[in-house]
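*Asks:* One structure coming up, written as structure tokens, with questions to follow.
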Amino acid sequence: MRNVIIAIVVIGIVAAAAIGMRAFMRTSLTGQLIDIACYSQDKENTGDHHKGRGLACARACALEGFPVGLLTSDGKVYQVTGDLTANRNEKLVDHMTHTVTITGDVTEKDGQNLIASSDLKMVHD
């Protein structure tokens, strides 16, 4: 009986480790940095000029610390998290609306794709 309990515990630990390993997938994604709130209201709000919001909306929202997203060419949005968002998106503000590559850990939480990273690279179009 004791061996059966030990086997069940070991199987549980292995299964939990396998699930945990799938939760984090390090990858590089390229896309445009957007203000998630404005984009969710109108999919055309990907630049710095948003209807009824002004000419520097994306940058202003990032400065306020609002969530920044990476919009990929296939239409997926990944909320940027991690060190890149420290100090009210300090490392992201100057890159808003530009195309960048971010390498980090991709996860999903409550239906939202996330990418956690500490560095990005500008893509020269």
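*Asks:* Can you tell me which residue in segment 99-114 is nearest to S40 (Cα to Cα), limited to those that are free of Cβ contacts under 8 Å to residues at least 40 places away in the same chain and not basic (K, R)?
*Replies:* Step one: list which residues in segment 99-114 are free of Cβ contacts under 8 Å to residues at least 40 places away in the same chain, which gives 108-114.
Now narrow it down to the ones that are not basic (K, R): 108, 110-114.
Details: E108: 18, D110: 16, G111: 14, Q112: 12, N113: 14, L114: 16 Å.
Among them, the one singled out is Q112.
*Asks:* Is it true that some residue in segment 89-102 is within 18 Å of M25 (Cβ to Cβ) and of a type outside the set (D, E)?
*Replies:* Scanning segment 89-102 turns up at least one residue that is within 18 Å of M25 (Cβ to Cβ) and of a type outside the set (D, E).
*Asks:* Looking for something of a type outside the set (V, I, T), modelled with pLDDT of 85 or more, surrounded by 10 or more Cβ atoms within 10 Å (Cβ to Cβ) and under 19 Å from the mean Cα position of the chain (by Cα) - is there at least one such residue anywhere in segment 1-23?
*Replies:* no
*Asks:* Further question: Examine segment 90-97 for a residue that is modelled with pLDDT of 95 or more and on the phi > 0 side of the Ramachandran plot, and state whether such a residue exists.
*Replies:* no
*Asks:* Something else: Sort out which residues of segment 80-98 are more than 18 Å from N113 (Cβ to Cβ) and either touching a residue at least 40 places away in the same chain (Cβ under 8 Å) or small (G, A, S) (or both), and write them in order of number.
*Replies:* A86, H95, M96, T97, H98 - these are the residues of segment 80-98 that are more than 18 Å from N113 (Cβ to Cβ) and either touching a residue at least 40 places away in the same chain (Cβ under 8 Å) or small (G, A, S) (or both).
The values are calculated or read from the model by the stated rules, or taken from the named source; none is laboratory data. Quantities reported herein were computed from a predicted structural model and do not represent experimental measurements. Note: ideal-geometry Cβ built from the backbone for every residue, glycine included; neighbour counts use all protein chains shown.
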